[in-house]
Amino acid sequence: MKLKKIMCMALSGALLFTAAYVPVASAWNVYDTDYGTEWNEESKTAVTDDMEQFREKDDPDDFTSLVYTVREDGSAMITDYSARFMGDPNSGFGIELTVPSEINGHPVTAIGDGALREGSMRIFGITLPPTIKEIGVNAIYGRYLKHLKLNDGLEVIKNYAINCGDELETLVIPESVKYIGDEAISGEALKNITMPSNLEYMGSRIFFGSAYDKDTNNRIDGIQYHGQYLIAGIRIGYAVIDNPDPSAPTENKQIHEWEAVGDIEIREGTTIMGADAFGMSNITSVKLPSTLKSISHLGFYWCKNLNNVVIPGNVKEIGDNAFAWCESLSNLTIEEGVEHIGQAAFFRCNNLNEVTIPRSVTQIDMHAFGWDYVNDYDVRNENLVIKCYSGTAAEQYARDNGFECILLDTGETIGKGEPTAAADDRYTCEEKGDNCAVKRFKDIKSADGDPDHSGIEFCLDNGIMNGTGDDTFSPDDTITRAQFATMFYRLAGSPETSASNKFSDLTEDWYKKSVNWAAENGVINGTGGSSFSPYDTITREQIAAIFYRYAQAKGLDLSVDEGWDLSQTDYNDKDEISDYALKPMNWCFSRHVMFIHSTNGYEYSICPKVAPTRADTATMFWNFSYVLNND
């Protein structure tokens, strides 16, 4: 049984309470794919409650007064405007907002998330100054907008940033803009859009909900273009599900309003694809143009019928998850010239059993080839063979991930092996780095958020526990009584002993000395008569008794406050604690050597008869050692 550990403390009486990756930008993608989202650490336009905000003008009756905050670099970010909740939207009265270049000595560089959205007051026009660099999430909306002047110098338009309302038909996006986020620009009437010529990142369906998006004349063979840019190859909408029961809640289903299908060809002249352009579409093959610089993040995600792909050398980057879940893909050609293959680019392409990677590829990210995720575990395609050149990123990827590798320049074949920590995104201890258990053992999942990791490191560093193999620790295995006796003997410093055999069932030399020492010193008892039962699994209450006896021998304080009597708690297994183990378990809980556990995340138990895992046992050793040295 795998248990979830929960810390606990006693407060009064007998009541116990429980206490309960930013990608590195490449040369072909300056901006992170997640830059437009509020939670991203590089997204600085989020407006939070703890921000100190100021009015641009002292006059409280000035409808056009802007509200701003001062950012860490001393610049100002617009967060609101005074008139948002003034007036009557049905009166026809409205305002025009002209954002200044500077407010009270602070250059204005950003429009914050949700800052200039229509409220009770209509917004007829917005003009931005040349100092603005970025427009935040949901930052601009005016149902009655008649003009919106974006500034030269603007660089970033984030996700869902601009809604031009019901009237504005024309929008010019300045040449300076480099990043446009997901569904960034919309408007019922918006049909004339001027795009910059040097975009570096374009999110998914950037004109979603606009008149431009709905116009079928802006699509060729089901693909929506705008000049040199491929905006989308699929448009996802929603339809209400008919339900004969009028009392039932309204439901929506996702539908494909239009999409490219079958064998497609992206037109020559296209330089950038929007993210998720063809995701979940029914294309069977694709011909890429000689002008395309990169394949976008999620570009062909989950195209289940796509079976043959040729990526020309002019494509320098294959984005993250670009062909993930293309389960029919069995033939892949990557031509010389491609430089970067993104994270999970061909994840779950389980029919892709051979790939040749050219010398030009200098970076291959995590799980790019040969991996799937099943039942919460990474699963490797054991049939994948990587053909490449010696000394390249591809050879290193094959070695790190344990794939068979054929070196085209030497003819050498590198056989399959076990993947290393470099093959996944497990976090290691900052203080131990490459010496962390995560690096040493393939079955230690991560140091990040693992409550047993520090205990494992402690036991390894102090020789209390070892691995179960060259690269395995077996953290979920249980422990026998003989194994625990050996570990405890090491914790005690492996003292010399001349104790003779007390038990008749000790058959192997590797544990006899440990068991006999522990028995002689009254730390570990037998299981009845002359038996020790060395191969039985040890339980939590047995461990508690061993710790308690050793603490007693060392003269530690064994007193326990009244609130730590486990027999008086509401846990459903309190009566399972053996009489001999109640005081030891109370003491271990009071000293935080042991904790309550959960098997399902919400029901908690003492688990006295449960055999702890190796990982859990390591943590108990770590906690007990702290008590020995500090109590």
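None of the figures in this text is laboratory data; all of them are computed from the coordinates on show. None of the values given here were measured: they were computed from a predicted structure. Methodologically, a virtual Cβ is constructed for each residue, glycine included, from the backbone with ideal geometry; neighbour enumeration extends over all protein chains shown.
Determine, from the Cβ-Cβ distance of Thr420 and Ala239 and an R0 of 56 Å, the FRET efficiency 1/(1 + (r/R0)^6), rounded to the nearest 0.05.
0.70
For GluC sites (Glu not before Pro), the sites in region 459-545 that DSSP calls loop and that have at most 13 other Cβ atoms within 10 Å are Glu496, Glu508. Extension gain, Asn90 to Tyr427, is 115.7 nm, computed as 0.36 nm per intervening residue step minus the present C-alpha separation. Between Asp461 and Glu354, the simple spin-label model (points 7 angstrom out along Cα→Cβ) gives 5.0 nm.
For Glu354, the residues whose amide H sits under 5 Å from its own are Val385, ignoring neighbours fewer than 5 places away on the same chain, with H placed 1.01 Å from N. With both labels modelled 7 Å from their Cα along Cα-to-Cβ, the Asn217 to Tyr535 distance reads 8.4 nm.
Classify region 37-214: rounded, prolate or oblate, from the alpha-carbon gyration tensor (a ≥ b ≥ c, eigenvalue square roots; a/c under 1.5 rounded; otherwise prolate if a/b is larger than b/c)? Note, shape of region 37-214 comes out oblate. Summarising the label geometry, the points placed 7 Å from Cα in the beta-carbon direction at Lys293 and Asp73 lie 2.1 nm from one another. Taking every Cα-Cα distance in region 441-630 and sorting them into 5 Å bins starting at zero, the pair-distance distribution P(r) comes out as 1, 8, 16, 20, 20, 17, 11, 5, 1, 0 percent. Listed by chain and number, the lysines placed with their C-alpha closer than 23 angstrom to that of Lys609 are Lys2, Lys4, Lys5, Lys574, Lys583; residues fewer than eight positions away on the same chain are left out.
In a fully extended conformation the segment linking Asp50 and Ser498 would gain 154.6 nm over its present Cα-Cα distance, using 0.36 nm per residue. The residue among Trp325, Pro244, Pro608 whose Cα reaches farthest toward the positive pole of the charge dipole of the chain, with charges on the beta-carbon of Lys, Arg, Asp and Glu, is Pro608. FRET efficiency for the pair Asn198 and Ser285, taken as 1/(1 + (r/R0)^6) with r the Cβ-Cβ distance and R0 = 35 Å, rounds to 0.70. Taking one quarter of the surface of the convex hull spanned by the alpha-carbon atoms of the chain gives a direction-averaged projected area of 39.2 nm². The charge dipole of the chain, taken about the Cα centre with unit charges on the Cβ atoms of Lys, Arg (+1) and Asp, Glu (-1), comes to about 900 debye, rounded to the nearest 20. A Förster radius of 60 Å combined with the Cβ-Cβ distance from Glu167 to Thr410 puts the calculated FRET efficiency at roughly 0.35.
With a cut-off of 14 Å between beta carbons, the residues surrounding Leu407 carry a summed charge of -1, where Lys and Arg count +1 and Asp and Glu -1. For region 506-549, the residues whose amide N sits under 17 Å from a probe point set 7 Å from the Cα of Leu628 along the beta carbon direction are 514-525, 543-549.
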